[in-house]
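Encoded as structure tokens, the structure appears first; notes follow it.
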Amino acid sequence: MFGNTTIGIDLGTANILVYSKSKGIILNEPSVVALDTKSKQVLAIGQEAKEMIGKTPASIVAVRPMRDGVIADFDLTSGLLREIMRRITKESGTSFRKPNVVVCTPTGATTVERRAIQDAVQSMGAKSVVLIEEPVAAAIGADLPVDEPIANVIVDIGGGTSEIAIISYGGVVSSTSIRTGGDHIDDEIVQYIRKNYNVLIGEATAERVKMELGYAPIAHTEIHADIRGRDLLTGLPKTITVSSTEIQAAIEETLNKILEAIRTTLEQCPAELSGDIVDRGIVLSGGGSLIHGFKDWLIELIDVPVHMAPNPMESVAVGTGRSLEYIEKLNKTLK
Ligand code: ADP
Ligand code: MG
């Protein structure tokens with residue numbers, strides 16, 4: 001089972017990444033599908049489809065089939081997966097024929113959906129398919145020693161959800177998952193601009209504003225940006241200038257929810273592992289953790305060290321791809 005090429009697929013709600021041990025990250029695309037509304041034919045996936053969101057004529061829709069951390073549309077999710085598998089087996093030539101595949105599914109996926117994803121990948125030419133829990137994958141990808149009897153705390157902030165987990169000796173000791181992530185920060189920005197400027201902006205614009213002007217509640221040098229939307233009074237396009245201080249206030253509530261979830265998980269930690277956490281702290285991964293000042297803000301408010309994973313957006317994919325080694329190692333130790 002371990003002789004063949006192993007690839008890891010991070011089926012994220014915002015981004016899908018594929019990692020191969022020999023080649024590193026071989027695919028990184030937004031989890032978006034564009035389809036013809038009449039024929040239901042998939043027209044594009046990934047970046048190409050993401051650029052169509054909010055801009056398509058009535059005959060085409062661009063959707064995120066795994067929004068909010070759950071599989072909202074299973075057929076589209078498997079269509080997306082099929083296209084991903086096709087690309088990686090085709091573009092990489094013979095080396096990826098019959099790979100062993102490890103898939104990390106969204107946390108909110110049901111048992112039935114997980115099983116269906118496993119079957120779907122299997123039927124697309126995998127030799128074997130194993131599923132892995134997202135926090136364990138993120139921790140492995142962040143180079144944490146998850147196979148040792150040490151408390152490893154991983155905080156993964158994705159598009160639809162945030163997961164906080166304490167992992168020790170290969171398994172999740174305790175965890176919290178909340179339906180709050182980067183997408184909700186985008187929503188808060190859309191609502192703030194509508195309420196305060198009477199201007200409607202699209203979700204792609206909101207995401208750009210977040211990346212540029214979004215700060216966790218810490219002191220920073222204010223910056224400004226021009227953003228374009230539709231004036232709700234006149235119906236015409238309008239450009240407004242917003243500041244990072246405004247956006248910072250607009251997104252604070254969502255960030256506080258994540259902070260509370262981290263605190264709750266740390267409080268649930270078994271006494272024997274608390275000492276490790278005080279020494280080793282927590283590690284952040286996922287695109288949502290890239291909000292400006294997020295790490296420094298957490299350092300101010302929780303009493304343990306806070307570290308950033310080496311490549312926060314790639315941790316889950318890398319960990320998924322490497323997980324078989326750990327599973328093998330743990331199995332050996334247990335025997
Ligand atoms: P998922 O695991 O759900 O696919 P990701 O870990 O890929 O999610 O993270 C996606 C989220 O991270 C999105 O909400 C995206 O807007 C956000 N994000 C990506 N880069 C940044 C950045 N530089 N600053 C703030 N948020 C970011
Ligand atoms: Mg993720």
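Go through (1) closer than 12 Å to Ala138 by Cα; (2) surrounded by 14 or more Cβ atoms within 10 Å (Cβ to Cβ); (3) of a type outside the set (D, E, K, R) and name the single condition Asn311 misses. All conditions are met except number (2).
Would you kindly identify the helices (runs of 4 or more DSSP H) lying entirely within the stretch 196-293 that contain at least 2 residues that are farther than 30 Å from Ala62 by Cβ?
Working: elements: 203-213, 244-267, 271-280.
Of the helices (runs of 4 or more DSSP H) lying wholly inside the stretch 196-293, those with at least 2 residues that are farther than 30 Å from Ala62 by Cβ span 244-267, 271-280.
Residues in the stretch 55-64 that are in contact with a strand residue (DSSP E or B) (Cβ under 9 Å, 6 or more places away or on another chain), surrounded by fewer than 21 Cβ atoms within 10 Å (Cβ to Cβ) and either over 16 Å from Lys38 (Cβ atoms) or not hydroxyl-bearing (Ser, Thr, Tyr) (or both): Lys55, Ile60, Val61, Val63. For Ile302, the criteria (1) surrounded by fewer than 20 Cβ atoms within 10 Å (Cβ to Cβ); (2) away from ligand 2 (no atom under 16 Å from the Cβ); (3) within 17 Å of the chain's Cα centre (by Cα) hold in every case but one, which is (3).
Which number in (1) in contact (Cβ under 8 Å) with a residue 24 or more places away in the chain; (2) open to solvent by 10 Å² or more (accessible area, probe 1.4 Å); (3) more than 21 Å from Arg179 (Cβ to Cβ) marks the one condition that Gly108 misses? With respect to (1) in contact (Cβ under 8 Å) with a residue 24 or more places away in the chain; (2) open to solvent by 10 Å² or more (accessible area, probe 1.4 Å); (3) more than 21 Å from Arg179 (Cβ to Cβ), Gly108 is out only on (3).
Within the stretch 174-200, being in contact (Cβ under 8 Å) with a residue 12 or more places away in the chain, open to solvent by 10 Å² or more (accessible area, probe 1.4 Å) and farther than 30 Å from Thr264 by Cα holds for Arg194, Asn196, Tyr197, Asn198, Leu200.
Those strands (runs of 3 or more DSSP E) of the stretch 1-80 in which at least 3 residues are within 16 Å of ligand 2 (Cβ to nearest atom), considering only elements entirely within it, cover 6-11, 15-20, 24-30.
In the stretch 128-143, how many are away from ligand 1 (no atom under 16 Å from the Cβ) and either surrounded by 24 or more Cβ atoms within 10 Å (Cβ to Cβ) or of a type in the set (Ser, Thr, Tyr) (or both)? Selection size over the stretch 128-143: 1. Does at least one position in the stretch 118-127 carry a residue that is open to solvent by less than 10 Å² (accessible area, probe 1.4 Å) and under 18 Å from Leu17 (Cα atoms)? Yes, that holds for at least one residue. Looking at the stretch 260-295, which of its residues are free of Cβ contacts under 8 Å to residues at least 60 places away in the same chain and within 14 Å of Ser175 (Cα to Cα)? Passing the criteria: Glu260, Arg263, Glu267. Scanning the stretch 291-312 for residues that are within 15 Å of ligand 1 (Cβ to nearest atom) and β-branched (Val, Ile, Thr) yields a single hit, Ile291. One residue stands out among those in the stretch 217-241 that are open to solvent by less than 100 Å² (accessible area, probe 1.4 Å) and of a type in the set (Asp, Glu): the one that is nearest to Leu290 (Cα to Cα), which is Glu222.
If you go through the stretch 16-41 and keep only what is closer than 11 Å to Ile60 by Cβ and either touching a residue at least 60 places away in the same chain (Cβ under 8 Å) or open to solvent by 60 Å² or more (accessible area, probe 1.4 Å) (or both), you end up with Lys38, Ser39, Gln41.
Does Val153 meet the test of being open to solvent by 20 Å² or more (accessible area, probe 1.4 Å), touching a residue at least 12 places away in the same chain (Cβ under 8 Å), more than 12 Å from ligand 1 (Cβ to nearest atom) and outside any helix (DSSP H, G or I)? So Val153 does not fit the description; no. Counting only residues that are over 15 Å from Leu27 (Cα atoms), open to solvent by less than 10 Å² (accessible area, probe 1.4 Å) and touching an Asp or Glu at 6+ places or on another chain (Cβ under 9 Å), how many does the stretch 70-103 have? So the count comes out to 1.
Please verify whether Gly171 is within 10 Å of ligand 1 (Cβ to nearest atom) and out of contact with any Lys or Arg (no Cβ under 6 Å at 6 or more places or on another chain), treating the condition exactly as stated.
Details: within 10 Å of ligand 1 (Cβ to nearest atom): no; out of contact with any Lys or Arg (no Cβ under 6 Å at 6 or more places or on another chain): yes.
Spelling it out, it is not the case that Gly171 is within 10 Å of ligand 1 (Cβ to nearest atom) and out of contact with any Lys or Arg (no Cβ under 6 Å at 6 or more places or on another chain).
The values are calculated or read from the model by the stated rules, or taken from the named source; none is laboratory data. Because the structure is predicted, anything quoted here is derived from the model rather than measured. Cβ coordinates were reconstructed from backbone atoms using ideal geometry, including for glycine residues, and neighbour counts include every protein chain displayed. When the accessible area is computed, the model is the full protein with side chains, heavy atoms only, and any ligands, DNA or RNA have been set aside. Shrake-Rupley method; radii C 1.70, N 1.55, O 1.52, S 1.80 Å.
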